[in-house]
Structures are given as C-alpha cells and as structure tokens.
Amino acid sequence: MFLPRGVLSAFCLAILFHAQIFADNTATVGVYYETLSLPCKGFFINQLLPAYRQAPDRINVALVPFGKTVVNSTNPYIFTCQHGERECEGLKIHSCAVSLIHDQTSLLNLTDCTIRNQTDPEAILTECATTLGIELKPIQDCAKSTNGSQLLKLNGDKTKDLNPGVKNLPTITLNGRQDQQSELLSNLWNEICKVLLPKPSTCP
C-alpha cells in the first residue's frame, strides 16, 4: 500500500514517539552506601524496598556498597572502612551478593535483610540466605577471597566516578542524576513516579 509522504512522515514520528515512551518506561536507582551506617539502613528499610515493591518490573536498582571506605593497598588489598573491620566484611558480602545474585528481587531482599543487623555479617548472611532460599556458599567463598576485595575496589571506583562526589551517605541517583537529593532520601517513590511514563496507578 502506498502512503503519501506527509502521512508516512507522521506515521514515522508516531513510532518514534511511542518508542521514546517505551524507553522511559523504567527508572534506574543508584544506591551508594555503607553497611553499618544508620541512615543507609533506614533508607533500605523505609524507602528503597517499599518503593521497589510498588513497581518491581519498572525499577532497576544499582547497589554500590563502598561509601567512604579508603583503599590503602591493592597488593594485597587493604581497606579502612568508616565503621571498622566489621563493615569491611559486610561490604565485601554485599559486593559479592550484587555480583552473584542475578534476580533483582532476591538481591534486594537479601541486602535489606542483612543490613538490618550487622553485629556479625557472616552469621546474618547465613540466616538471611537460608530464610530467603538463596544459595549461601558462593557468596561466602567470594567474600573471603580476593574476588570480594576486587569487587569492593571496583565499587570504590564507581563511587569515585560520581559527580558531584559522595558527601553524605547514602547518596542516591535517579536515572544517573543526583538532583533533589533530600527528596530522593525522604520520598523515593514520589520521585520515581516523576520519571515513569506512563505512571503506575499507585503513584500519588
């Protein structure tokens, strides 16, 4: 069927318009955090998981556990974590979980569970992974090996690439932007709703 040039152009524009809507159909939330930071713990519990559960198929979460950790050496890897050695252990566990768990909902459930109690990071990992039905040994082995240290260092590189850099924790990005940081920290779901097209019915 032959279409006049004007009709064809309008048809092409309509396709591009709908393609753009589809491209904007998800939101990516970046979370730069530490495992023994109370504000980070509060954000996971009160903002990240509740927002994600509103539209899990439309939200991509990029977890970057590192925070204000200092890399003292890479041969061997030596870190100084803001809240001590227990936090270094917890950060390696989270780094390994991010690398090994490919189902986003399972990953977020595990990180939320473990960040609630970091008195003994390995023990709480065992408890949470068992409860959630997540394979434990690969995460344990990774965290205790050079792989865990390498992954933590890579998260440090990602954290240092932030512009502007990390001042407070957690630092949150929405589609790569840090605008409206206070709103992202206090009402994440509302901010996500502003970038989702079309908006979910649960948006305010």
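The values are calculated or read from the model by the stated rules, or taken from the named source; none is laboratory data. Predicted, not measured: the structure shown is a model, and the values here were computed from it. Because the Cβ atoms are built from the backbone with ideal geometry, glycine has one as well, and the counts that use them run over all protein chains shown. These area figures cover heavy atoms from the full protein model, side chains too; ligands, DNA and RNA do not enter into them. Shrake-Rupley method; radii C 1.70, N 1.55, O 1.52, S 1.80 Å.
Candidates ASN147, ASN155, ASN175: the one that is in contact with a helix residue (DSSP H, G or I) (Cβ under 8 Å, 6 or more places away or on another chain), modelled with pLDDT of 95 or more, farther than 22 Å from ASP112 by Cα and not hydroxyl-bearing (Ser, Thr, Tyr) is ASN147. Remark: pairs (first residue in the range 92-120, outside any helix (DSSP H, G or I); second residue open to solvent by less than 40 Å² (accessible area, probe 1.4 Å); Cβ separation under 7 Å; 6+ apart in sequence or on different chains) = ILE101/LEU107; ILE101/LEU110; ILE101/ILE134; ASN117/ILE124; GLN118/THR35; GLN118/GLY90; GLN118/ILE124.
Can you pull out the residues in the range 121-134 that are touching a residue at least 24 places away in the same chain (Cβ under 8 Å), within 30 Å of ARG58 (Cα to Cα) and open to solvent by 40 Å² or more (accessible area, probe 1.4 Å)?
Within the range 121-134, the first condition is being touching a residue at least 24 places away in the same chain (Cβ under 8 Å), and the residues that meet it are 121-122, 125, 132, 134.
Going one step further and asking which of them are within 30 Å of ARG58 (Cα to Cα), we end up with 125, 132, 134.
Matches in the range 121-134: LEU132 only.
Of the residues LEU185, LEU197, LEU152, the single one that is in a helix (DSSP H, G or I), open to solvent by 30 Å² or more (accessible area, probe 1.4 Å) and of a type in the set (A, V, I, L, M) is LEU185. Filter the range 161-179 down to residues that are part of a loop (DSSP other than H, G, I, E, B) and in contact with a strand residue (DSSP E or B) (Cβ under 8 Å, 6 or more places away or on another chain) and give me whichever is least open to solvent (accessible area, probe 1.4 Å). Result: PRO170. All told, SER95 meets the bar of being within 23 Å of GLU135 (Cα to Cα), of a type outside the set (Phe, Trp, Tyr) and either surrounded by 12 or more Cβ atoms within 10 Å (Cβ to Cβ) or at pLDDT below 95 (or both). When residues in the range 77-91 are screened for being in a loop (DSSP other than H, G, I, E, B), surrounded by fewer than 20 Cβ atoms within 10 Å (Cβ to Cβ) and at negative phi, 2 of them pass. Among the residues making up the range 26-76, those that are open to solvent by less than 40 Å² (accessible area, probe 1.4 Å) and part of a loop (DSSP other than H, G, I, E, B) are GLU34, THR35, SER37, ALA55, ARG58, PHE66, GLY67, THR69.
A single member of PRO198, PRO170, PRO164 is in contact (Cβ under 8 Å) with a residue 24 or more places away in the chain and farther than 21 Å from ASN46 by Cα, and it is PRO198.
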